[in-house]
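Report on the structure given below.
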Amino acid sequence: TWCQQTGWKLAQAEVQLHGTLWGISVAGWADAILEQNQETLVLDYKKSKHPDYAKRLDKGYDLQTYIYRSLYSQNHGSTSVLSGYFAMNDCHMVSDHPLEEIPGVHAKQPSVPLEKQSEKAAELIQQRISDLRGGIIPLNNDGDAKAWKSEGVKTYALTESNERPLIKRFTRPDVESPE
């Protein structure tokens with residue numbers, strides 16, 4: 001309904017995007033590629049509500065939209081690539097550019113310019129890559145979850161994921177050592 005009323009057309013669904021960022025191969029799946037006039041909107045559907053996505057964009061910690069725009073541009077040469085999320089639980093479009101609202105679908109745009117929306121996240125990724133190349137493996141600490149939450153970043157993948165949480169996938173239970 002939103003597409004019909006705003007003039008966007010579904011060009012592709014469930015599209016794998018791939019390319020290179022920060023000297024490494026990167027890939028991801030975009031839920032929808034929409035087109036209108038000379039613009040492309042790479043959209044990811046989220047089953048949650050919108051406030052965390054809006055907060056991450058405002059704070060500069062949203063990496064997914066940056067990656068999708070970059071990968072799409074690398075593969076299609078498009079210079080006008082928009083990106084965003086559709087939060088299904090509260091029907092909000094959270095986009096890096098203004099989008100039209102319709103009854104039942106709300107639109108939210110970050111308060112910071114596009115180049116700031118992923119700036120801090122990209123800096124952290126580049127630092128981590130540099131650390132790893134230098135043989136340094138930074139570990140998390142107890143205060144990280146609270147600090148990331150204040151930036152709009154959830155750490156659920158470590159322990160609370162419905163899928164197989166990372167903490168269970170890459171660690172093993174404590175085993176008492178024989179004395």
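A few notes on this one:
- Val112-Ile137 FRET efficiency (beta carbon distance; Förster radius 41 Å; 0.05 resolution): 0.85
- For His92, the solvent-accessible surface with a 1.4 Å probe is about 30 Å², rounded to the nearest 10.
- In Hz, Karplus ³J(HN,Hα) per residue of the range 62-68 (6.51, -1.76, 1.60; θ = phi - 60°; x = Gly, Pro): 9, 9, 4, 5, 4, 4, 4
- Members of Lys9/Lys59; Lys49/Lys108; Lys59/Lys149; Lys108/Lys149; Lys108/Lys146 lying beyond 23 Å, as alpha-carbon distances in this model show: Lys9/Lys59; Lys108/Lys146
- Hydrodynamic analysis of the range 1-93 uses the Kirkwood radius over alpha carbon pairs. Inserted into Stokes-Einstein at 25 °C and 0.890 mPa s, it gives a translational diffusion coefficient of 178 µm²/s.
- Solvent-accessible surface (1.4 angstrom probe) belonging to Val153, in square angstrom, nearest 10: 40
- Averaged per residue, the range 1-102 has 49 square angstrom of accessible surface, using a 1.4 angstrom probe with ligands and nucleic acids left out.
- Under Karplus coefficients 6.51, -1.76 and 1.60, residue-wise ³J(HN,Hα) of the range 102-116 in Hz, glycine/proline x: 9, x, x, 10, 8, 10, 9, 10, x, 8, 10, x, 3, 5, 8
- Heavy atoms of Ile129: accessible area, 1.4 Å probe, square angstrom to 10: 30
- Only beta bridges with both residues in the range 1-149 are counted; by DSSP, about 70 percent of them are antiparallel.
- Quarter of Cα convex hull surface for the range 86-128, i.e. mean projection, nm²: 3.8
- Among Arg56, Arg128, Arg133, the sequence by solvent-accessible area, most first, with a 1.4 Å probe is Arg133, Arg128, Arg56.
The values are calculated or read from the model by the stated rules, or taken from the named source; none is laboratory data. Small disclaimer: the values here were computed from a predicted structure and weren't measured. Ideal geometry is used to build each Cβ from the backbone, glycine not excepted, and the neighbour counts take in all protein chains shown. Just the protein is used for accessible areas: all its heavy atoms, side chains included, with ligands, DNA and RNA removed. Shrake-Rupley method; radii C 1.70, N 1.55, O 1.52, S 1.80 Å.
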